[in-house]
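Student: Mind having a look at this structure? Questions to follow.
The values are calculated or read from the model by the stated rules, or taken from the named source; none is laboratory data. Every value quoted in this text rests on a predicted model; they were computed, and no experiment measured them. Neighbour counts run over all protein chains shown; Cβ positions are idealised from the backbone, glycine included.
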Amino acid sequence: MDTLRVRAVQVLSVTALLLAWEGVARAGWVDPLFVPAPSAVLRAFGRIGGAALAGLGDTLLKTAIAYVLAVVIGVGGGILLGSVRPLRQAVNPFVIALYGMPKILVLPWIVLFLGFGATPAVVYATIHGVFPILVLVTGAVRDVDRTLVTVARAFGARRWQLYWKVVLPAIVPTVLAGMRLGIVFCLLGVLVVEMFAGVRGMGYVLSSLANGFRAPELFAATALVSAASIVIVLSLDVLNDHLSQWRGEPR
Amino acid sequence: MSELIVVEGVSKRYVTSSGPVDALRDISLSVGGGEFCTLIGPSGCGKSTLLGMLGGLVTADTGRVVVDGRPVERPDPRRVATVFQDPGLFPWRTTLENVEFGLELRGVPAAHRRRVATDLLGPLGLRDFAAKYPRELSGGMRQRVAIGRALAIDTPIVLMDEPFGALDEQTRVLMGEWLLDIWRRMRKTVVFVTHSLHEALALSTRVVVMTARPGRIKSVLQLPMPYPRAMESVELVALRAKLWSDIRDESLRAMGEATP
Amino acid sequence: MKVLAIRVAIVVALLGAWEIVGRTANPLLYVPPSAAVPALGRLLARDSYPDLAEHLLLTLREILVAYALAIAAGLGCGFALGFNRLVGRAYGPILAALYAVPAVVWYPSLMLFFGLDAASKIAFGFLLGFFPITLAVLAGIRQVSPQMLLVARAFGADGLTAFRKVTLPAMLFTLVGGLRTGLALTVIGVIVGEILGSKSGMGSLINHAYGLFRTADYIALVVVTLVLIVGSDALASVIEHRAQRWTE
């Protein structure tokens, strides 16, 4: 199957869609208030460019902070829970329950508690991002190949060596998978808080554009944040692939 | 020759969900330096448990296990190295890095480790695979890496728990020949667990036959014949018959049928 | 036994701490269990929010409609992408890229287009539920062993028969898993949509209580919503287990 044919289909269908959309908008078949033409969206990029990028930067900064926290707590907690069996058995049902619970339900309380601004966003996003990482890492530590542990013990490995040389390398693929999930969860968390109770950031920008019925600007801003998100996730995937190659794993 | 490994009155009982299970009962045996001692017996006879005791991974309920004059309480990588049936190579390490593992744990400096491991690759037949990862190696190669890892720490004793169990017949025979070569060159003491009669007869200087569970020593055969073994010779054919008759009863018992 | 004891101890400790903090700290923020429980009672007795039932029903309706749409579109797209190699390879990566975008990004646009009513919540719920279902269909089709299909063809089965008798049963387990995830996400989508801006539905009530600092009522509403969520997932889980028994 040709990569060329695949590319052709993709490019052609997207172009056709855009042209049709432009045509429909110009013919007046849709209300430009709700569905702006692609050309209008393009022009809107220029108008809101500065504000949108500032908002995006703000959002990404909060996301980064929350992400670091989520990874540290998630991986650390996962290793702890994965290694200490009684602790894991006692705590696991709570973790699973909390993981499955939509955290949006506690968001109003968090905002009541922490007010508006960056803090609730970071806190909420951290909570959002921690759980998938925690659950994945706990499972990975628990499921480390028993044979490898026995081998290490047979060669006289002390406890810290066991962790450093066997457990940690063994869980790297899972940690990477968790990190990839985590970034989307954290970004989502920040955006939700910004929409709910924000004064800055992309979520707030999108919200106010929607409230102001500024459709072209809204579409432009949405496209911007979507593109940023795709780029971030794709870069993580590429990083992931390179790391796997270096570790000799199948991609 | 002073006995390097002494096992006296050793027993082991496991508590399982279906009640207590006696894996070993009152085992006593000794292995001299430089020997190739094979433990053979039906499934569940406790040979792996016994090997685990020699390696310090399993503690005996009664009796004592003494290696090189010292009682065994925990794994001692200065005296005993172990090779398991599952090679247990670390998938994120190359062949060289896997072979170096024991040396790394011991804190040997990197350059020296690298040299020891690289020197071993020749006899291991893995010189072209130094930078490959386990998933790029065949089963036989992986087991050779595992054996290399055990040899790298240069212990007087090497324990092997059915190392060729997962390989096909031809590979097993070739690996056996290769192992003999290594054993004689490096003058190790090997304790080898198998359920293959052929391996026991082709490789060992001494064969210990164990009974079905609870495992006891049924008989000990000395094999002073020279290497490489002439498997069709009169003595070996007779020994094979003796060995088989010893094992057959125990295998039947292990399978749950009474001896005729 | 010891494990159970630790769990009970944790729950008791948490409730105890909550109670103590609730009594001593800011009553607007910290509502102790002793105040939350009666609030729940008031809620269920239609005291604090008399039209609770209507809102609950509205939320349920939104969920059902969104989910039905998600299933229809998810199955349709999934099979279209799964069975036509060119289409699948062309649009698969586009789908995966879109999935990498946090869905809440689309919500303001949906609110602009559909307004604050149920329609935007349904649209958002649909959007969230659509992806896991489509991806599950794709994954399910991919894991059907070509060997099995070969056998079917060798016995003279045509396309449709092979699909019905081989592909469908083989992928049922993965498919049902995706349907379950899709339901969970649709539910979350509808509720998030309501909380972020609506005039009716459980989310709007939660917003209302929060806005008026009626923290006890807010907790009670959260509990009721949680029951709704857990209940729907439990139902889905039961169906999933039935499907499991069929395929294994």
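Student: Of A:Ala70, A:Ala40, which residue is part of a helix (DSSP H, G or I), more than 15 Å from A:Leu206 (Cβ to Cβ) and modelled with pLDDT of 95 or more?
Tutor: That would be A:Ala70, the only listed residue that is part of a helix (DSSP H, G or I), more than 15 Å from A:Leu206 (Cβ to Cβ) and modelled with pLDDT of 95 or more.
Student: Now for a different question. Tell me, which residue of segment B:63-77 that is touching a residue at least 24 places away in the same chain (Cβ under 8 Å) and either touching a helix residue (DSSP H, G or I) at 6+ places or on another chain (Cβ under 8 Å) or closer than 16 Å to B:Gly32 by Cβ (or both) is nearest to the other protein chains (Cβ to nearest Cβ)?
Tutor: Going residue by residue through segment B:63-77, those that are touching a residue at least 24 places away in the same chain (Cβ under 8 Å) are B:63-68, B:77.
Restricting the remaining residues to those that are either touching a helix residue (DSSP H, G or I) at 6+ places or on another chain (Cβ under 8 Å) or closer than 16 Å to B:Gly32 by Cβ (or both) gives B:65-68, B:77.
Values: B:Val65: 15, B:Val66: 18, B:Val67: 14, B:Asp68: 15, B:Pro77: 4 Å.
By that ranking, first place goes to B:Pro77.
Student: A further question on this structure: Just to be sure, is C:Leu64 surrounded by 14 or more Cβ atoms within 10 Å (Cβ to Cβ) and either free of Cβ contacts under 8 Å to residues at least 60 places away in the same chain or aliphatic (A, V, I, L, M) (or both)?
Tutor: Working: surrounded by 14 or more Cβ atoms within 10 Å (Cβ to Cβ): yes; either free of Cβ contacts under 8 Å to residues at least 60 places away in the same chain or aliphatic (A, V, I, L, M) (or both): yes.
Answer is yes for this residue.
Student: While we're looking at this one, here's another question. Which residues, taken from segment B:203-239, are over 23 Å from B:Glu3 (Cα atoms) and in a helix (DSSP H, G or I)?
Tutor: Within segment B:203-239, B:Val234, B:Glu235, B:Leu236, B:Val237, B:Ala238, B:Leu239 qualify.
Student: Take the conditions of a type in the set (S, T, N, Q), more than 14 Å from chain A (Cβ to nearest Cβ) and surrounded by 15 or more Cβ atoms within 10 Å (Cβ to Cβ) and apply them to B:Ser11. Does it pass?
Tutor: The answer is yes for B:Ser11.
Student: Within segment C:54-61, does at least one residue satisfy the condition of being under 25 Å from C:Leu205 (Cα atoms) and either within 14 Å of chain A (Cβ to nearest Cβ) or modelled with pLDDT under 85 (or both)?
Tutor: Yes, because at least one residue in segment C:54-61 is under 25 Å from C:Leu205 (Cα atoms) and either within 14 Å of chain A (Cβ to nearest Cβ) or modelled with pLDDT under 85 (or both).
Student: Go through segment A:3-33 and give me each residue that's within 10 Å of chain C (Cβ to nearest Cβ) and either among the hydroxyl-bearing types (Ser, Thr, Tyr) or loosely packed, with under 10 Cβ neighbours inside 10 Å (or both).
Tutor: Scanning segment A:3-33 gives A:Thr3, A:Ser13.
Student: For segment A:152-219, please list each of the helices (runs of 4 or more DSSP H) lying entirely inside it that holds at least 2 residues being hydrophobic (A, V, I, L, M, F, W, C) and in contact with a Pro (Cβ under 8 Å, 6 or more places away or on another chain). If you could, list the steps in order and put the result at the bottom.
Tutor: Working: elements: A:159-162, A:168-197, A:202-211.
Correct list: A:168-197, A:202-211.
So that you can scan it fast, the table gives a plain yes or no per residue for (1) in a helix (DSSP H, G or I); (2) more than 17 Å from the chain's Cα centre (by Cα):
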residue	(1), (2)
C:Gly22	yes, yes
C:Tyr30	no, yes
C:Arg42	yes, yes
C:Ile71	yes, no
C:Gly76	yes, yes
C:Val87	yes, yes
C:Ser109	yes, yes
C:Ala123	yes, no
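Student: Looking at (1) facing another protein chain (nearest Cβ under 7 Å); (2) in contact (Cβ under 8 Å) with a residue 24 or more places away in the chain; (3) in a helix (DSSP H, G or I); (4) under 14 Å from A:Val41 (Cα atoms), which is the only condition A:Thr222 fails?
Tutor: So A:Thr222 meets the others, but not (2).
Student: Sticking with this structure for a sec: Only residues that are charged (D, E, K, R) and either surrounded by fewer than 18 Cβ atoms within 10 Å (Cβ to Cβ) or part of a loop (DSSP other than H, G, I, E, B) (or both): list them for segment B:26-62, please.
Tutor: B:Asp26, B:Glu35, B:Asp61
Student: Further question on the same structure: So how many residues does segment C:181-210 have that are in contact (Cβ under 8 Å) with a residue 40 or more places away in the chain, assigned to a helix (DSSP H, G or I) and either acidic (Asp, Glu) or touching a Gly at 6+ places or on another chain (Cβ under 9 Å) (or both)?
Tutor: 17
Student: Right, here's the next one. Tell me, which helices (runs of 4 or more DSSP H) lie completely within segment B:90-156 with 1 or more residues that are within 12 Å of another protein chain (Cβ to nearest Cβ)? I'd like the intermediate steps shown before the answer.
Tutor: Numbers: elements: B:95-99, B:101-106, B:110-124, B:139-152.
Helices (runs of 4 or more DSSP H) meeting the threshold: B:95-99, B:101-106, B:139-152.
Student: Kindly indicate the residue of segment A:209-219 that is surrounded by 19 or more Cβ atoms within 10 Å (Cβ to Cβ), facing another protein chain (nearest Cβ under 9 Å) and not charged (D, E, K, R) and also farthest from A:Leu191 (Cα to Cα) among those meeting that condition. Let's see the steps before the verdict.
Tutor: Within segment A:209-219, the subset surrounded by 19 or more Cβ atoms within 10 Å (Cβ to Cβ) is A:209-210, A:214-219.
Next, from what is left, pick out any that are facing another protein chain (nearest Cβ under 9 Å): A:209-210, A:214-215, A:218-219.
Going one step further and asking which of them are not charged (D, E, K, R), we end up with A:209-210, A:215, A:218-219.
On the way: A:Leu209: 14, A:Ala210: 14, A:Ala215: 19, A:Leu218: 15, A:Phe219: 16 Å.
For segment A:209-219, the residue satisfying everything is A:Ala215.
Student: May I pose another question? Tally time: how many residues in segment C:210-232 are of a type in the set (A, V, I, L, M), within 11 Å of chain A (Cβ to nearest Cβ) and under 11 Å from C:Ala39 (Cα atoms)?
Tutor: Residues flagged as of a type in the set (A, V, I, L, M), within 11 Å of chain A (Cβ to nearest Cβ) and under 11 Å from C:Ala39 (Cα atoms) within segment C:210-232 amount to 3.
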